[in-house]
Amino acid sequence: YYVTVKDTIPGICGFSSTDTVHIDFAPRVLNIITNDTVVCEGSQVQVVAESSSGFTFNWSPATGVSDSTMLNPIITVNQSETYTLTGHHEGCPDTSQTLTIDMHYIPHVDLGPDIAICQWQPVALQSHVTPFRNDYIYQWTPAAGLANPTGPDAQFSSDTSGRYILDVQTPIGCAGSDSIYVTVFPGGFGGISTDTAYCPPNEVPLWASGGTTYLWDPAYGLDDAASATPMASPETSTDYTVYITNEHGCLDTEKVSVGVYPLAVITLPDSITVYPGEAYHLEPGTNCSYFNWFPTNGLNATNIADPVFNPSVRTRYFVTARTENGCITHDSMDVLVNPTILDMPNAFTPGHGNNGVFKVTKRGIASLKEFSIYNRWGNKVFST
């Protein structure tokens, strides 16, 4: 700058004097080129800034800053922070710029300890994620069979053992994960006897296998509903269910049917009477198909339901009868052999109706030697 001092009265002195002053300008350019940003916990941000020469620098706060006196330091982010860069030039006011770095914490995912379940058992896989955010992105792997593979908790019924991984991310991709191994104990481990049937009053054995404890339902007709090998004797056909629990606490359910065959029946008279020369044809009521008569003497057959009896002496016969289903019954019958009986009617109607013939009646073996008729006075009126 130039300054001149001179006489202002014309024609007197004509005096003037000039001098100069020089002002040196120090430029004050200071800019942070790096934009405000959001990063994950532990990330490093390389700061890019520009300034005029002659500055000294100071970053505040200095936490995480590699060198707080550098123009372009590296900042290691462990919390959200607004950083201030102050530039100082001798003789000038300080110049400041700010940089805001927001931070997302790395999610800590905890699925708990490994678990063991039974096949086909519903399972809830639950996660605990810290710190809390309501905008986490979840992904379970593998997702097959999971009811909610993109949620914090997953529901499923597993058939095979396997490891399940949960990846959790913030909206900018800060990620954490955990895994859990699910051991699946196989189901369908129980065994049971095949459907069966029996003939009362016998009983039939049942069995179940594969477990450590057993419970049969209903208990009706069983000698021990908590046994692996109960004896069954229901009065009517019954369907049984057995609940089998193994050493892992897994449950299997098996079923078996026990049928009840109809009882073998044969109806015999207590006794019958025959006379010499006669035979008796037995026609019993029965549902049996197979027979065995004893003793064999006096019978025309020993393996049929309706033999003909013709013993020579009084005999007790025993029969064992069996149905098609193997149900057996036993019975006996006495066959009485009486002496021959002869008898005469005391009246008849000659030539009329059922009583038109006058003759000897007999049971057994007899031969006619003489037949005579006398009148009331003792006179013989007929003889043959």
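The values are calculated or read from the model by the stated rules, or taken from the named source; none is laboratory data. What you see is a predicted model, and the numbers here were worked out from it, not measured in a lab. All Cβ positions, even for glycine, are placed from backbone atoms using ideal geometry, and neighbour counts span all protein chains on display. Quick note on the areas: whole protein, heavy atoms, side chains included, nothing else; ligands and nucleic acids left out. Shrake-Rupley method; radii C 1.70, N 1.55, O 1.52, S 1.80 Å.
Over the stretch 149-304, average the accessible area per residue using a 1.4 Å probe and give it in Å², no decimals.
That works out to 51 Å² for each residue.
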Inset, instruction - Could you pull the Cα extents of the stretch 31-133 along its three principal axes, largest to smallest, in whole Å? - result: 80, 18, 17
Legend entry - Gap separating the Cα centres of the stretch 171-250 and the stretch 43-92, nearest whole Å: 74
Legend entry - Cβ-placed point charges (K, R +1; D, E -1), dipole of the stretch 198-325 about Cα centre in debye, nearest 20: 620
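Based on the Cα gyration tensor of the stretch 136-194, what are the three equivalent ellipsoid semi-axes, each the root of five times an eigenvalue, rounded to whole Å and given largest first? Intermediate values should be presented prior to the final figure.
On the way: eigenvalues 224, 22, 7 Å².
Computed over the stretch 136-194, the values are 34, 11, 6 Å.
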Legend entry - Coil-residue chymotrypsin sites (Phe, Trp or Tyr not before Pro) of the stretch 125-212, DSSP, other Cβ within 10 Å capped at 16: Phe132, Trp207
Inset, instruction - Rank Val29, Val204, Val47 by mean-square fluctuation in a GNM of the chain with C-alpha springs under 10 angstrom and give only the top-ranked residue. - result: Val29
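In what order, largest first, do Ser367, Ser127, Ser271 sit by accessible area if the probe radius is 1.4 Å? Spell out each step's value before the answer.
Numbers: Ser367 95, Ser127 30, Ser271 55 Å².
So the residues, ranked largest to smallest area, are Ser367, Ser271, Ser127.
To one decimal place, what Kirkwood hydrodynamic radius in Å is obtained for the stretch 227-384 from all pairs of distinct Cα atoms? Write down the numbers at each step before the final one.
Working: mean 1/r = 0.0462 Å⁻¹.
Radius from the Kirkwood sum: 21.6 Å.
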Legend entry - 37 Å tail of the calculated P(r), the chain, as % of Cα pairs: 70
Inset, instruction - Subtracting the Cα-Cα distance from 0.36 nm times the residue separation, let me have the gained length for Trp377 to Leu263 in nm, one decimal. - result: 34.3 nm
Inset, instruction - Quantify, in whole percent, the carbon and sulfur part of the accessible surface of the chain (1.4 Å probe; protein heavy atoms only). - result: 52
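Sort Thr98, Thr130 by heavy-atom solvent-accessible area, probe 1.4 angstrom, most to least.
Listed by decreasing accessible area, they come as Thr98, Thr130.
Would you please give the FRET efficiency between Gln97 and Phe132, computed as 1/(1 + (r/R0)^6) with r the Cβ-Cβ distance and R0 = 45 Å, to the nearest 0.05?
According to the calculation, E is roughly 0.85.
Using Cα pairs closer than 8 Å and at least 6 residues apart in sequence, work out the relative contact order for the stretch 313-384, in percent.
Reported relative contact order: 20 percent.
Length gain on complete extension for the stretch Asp167 to Val360, per 0.36 nm per residue less the alpha carbon to alpha carbon distance?
Values: separation 193, 0.36 × 193 = 69.48 nm, distance 11.64 nm.
Value of the extension gain: 57.8 nm.
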